[in-house]
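Since the structure comes first, as structure tokens, the remarks are kept for the end.
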Amino acid sequence: MLRRSLLGALSVVLVTSAATGVAHAGPSDAAAAVTFSDTFDGAAGSAVNSSKWTLETGDNVNNHERQYYTSGTNNAALDGQGHLVITAKKENPANYQCWYGTCQYTSARLNTSGKFSAQYGHVEARMKIPRGQGMWPAFWMLGTDIGSVGWPNSGEIDVMENVGFEPSTVHGTIHGPGYSGSAGVGAGYSLPGGQAFADAFHTFAVDWAPNSIKWSVDGVVYQTRTPADVSGKTWAFNKPFFLILNLAVGGYWPGDPNSSTAFPAQLVVDSVSVTTSDTPAPTGGAIRGLAGKCVDVAAANPANGTPVQLYDCNGTAAQQWTVGSDGTIRALGKCLDVNSGGTADGTPVQLYDCNGTAAQKWTVSSARDIVNPQANKCLDVTGNNSANGTRLQIWTCSGGANQKWTVG
């Protein structure tokens, strides 16, 4: 939870808008949305999209980290399978110099400063972190005013940090004036049964609104922070922030690598997405469920009868839903509909012209159920299957994870 210092190249960069975001109208045209999405598609060995990301270079004396961050593709490259791979290596091919002398490791750090920023919304990354003593992967954000106000006045939101000596635990933290570094405000989240985060991909996210930040892992919210948590000090998070991904080696918090640490070590990033809104709307946005995935209109096709499915959250219009006061749930200008007005277990749901029928009426409960009152059944992931493309249906409400949803 110690702050990773901003490298010199960023100190003069200010961001005032989501320059590379895609603006589009929500289903009701009530508020324009700005989205950022990178699924890291490209040829194996190619560089990240330079219109979205900047590679920082240099070392970091503030935390006593051991790596030198490089440009190019030596330490950050696409794998040809839809992933960004950030690789920490025990090497020094160019005689890089660090605060402690000749550098022992190389790695990479990417940011969206000057290219994308957001104020509020759902911010997430699906990643598989490395294992090993001294590893310090992170997905985090800094206030765009850092060049003028400095850190920690800029604010820092750590969506996910892991230190290698805690393989089962990740941390979410905020840093601001008077509560920074080891005094940052946050909490940890641990996997059950001694599972290690390095064993599989997980989705790390914050839901960020005025005076509120909620952290989640795989859709499970594990902490919420508000101005009440900073003991009367300045809440530094009601303004634009940009994104950062990095894999540090060593430092005060994780400690240095030792003989048990295997190199190269890799942080594998499947996707990063941000969905924001001009006017925060608790009744609209993405609907997240099983395995942290989203309710999605197949192929973003607005045609009547298009299947509604579970899919990796990507911030597109096909996953932006508005829950209306009339009981409808809308995306792409159409309504979530029970096929043929059916009431039987297993009846699929689809997108269809809004028509005011009971097949298009839904109730979102405080227990996170989405219920079709006509059938008295819940929106359900078929077969409890978290695979992309799994069709959604209605089913007798059971309280299972495949029937629990987070709206907005």
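Readers should treat all values here as calculations from the given coordinates under stated rules, not as data from a laboratory. Worth saying up front: this structure is predicted, and the values here are computed from it rather than measured. Glycine also receives a Cβ, built like all others from the backbone with ideal geometry; neighbour counts cover every protein chain displayed.
Across the stretch 8-277, the relative contact order, built from alpha-carbon pairs under 8 Å that are at least six residues apart, equals 27 percent.
Over 19 Å, how big is the tail of the calculated P(r) for the stretch 143-277, in percent of all Cα pairs? Result for the distance tail: 55 percent.
In plain terms, the residue of Cys354, Cys335 with the fewest other Cβ atoms within 10 Å comes first and the most crowded comes last, giving Cys354, Cys335.
Rounded to the nearest 20, the Cβ-based charge dipole of the chain about its Cα centre (Lys and Arg +1, Asp and Glu -1) stands at 200 debye.
For the residue pairs Lys334/Lys377; Lys214/Lys404; Lys293/Lys377; Lys115/Lys334; Lys233/Lys404; Lys90/Lys115, alpha carbon separations beyond 29 Å are given by Lys115/Lys334; Lys233/Lys404; Lys90/Lys115.
Is the stretch 284-407 best put as rounded, prolate or oblate by its Cα gyration tensor, with a ≥ b ≥ c the root eigenvalues, rounded for a/c under 1.5, and otherwise prolate when a/b is larger than b/c, oblate when not? Because its axes are fairly even, with a/c under 1.5, the stretch 284-407 counts as rounded.
What ranking do Arg288, Arg109, Arg131 get, fewest neighbouring Cβ atoms within 10 angstrom at the top?
Starting with the residue having the fewest Cβ neighbours, the order is Arg131, Arg109, Arg288.
Considering only Ser231, Gly114, Gly176, and ranking their Cα positions along the charge dipole of the chain that arises from unit charges at the beta-carbon of Lys, Arg, Asp and Glu, the one farthest toward the positive end is Ser231.
In this calculation the C-beta distance from Thr57 to Thr357 is compared with R0 = 51 Å, giving a FRET efficiency of 0.30.
Structural descriptor for the stretch 313-408: relative contact order 22 percent, calculated from alpha carbon pairs under 8 angstrom and at least 6 residues apart.
For the peptides 223-233, 392-402, 200-210, the ranking by mean Cβ contacts within 10 Å, running from highest to lowest, is 200-210, 392-402, 223-233.
Computed over the alpha-carbon pairs of the stretch 88-181, the distance histogram in 5 Å steps reads 3, 10, 16, 18, 19, 18, 12, 3, 0 percent, short to long. Shape analysis of the chain based on the Cα gyration tensor places the equivalent ellipsoid semi-axes at 39, 22, 20 Å, largest first.
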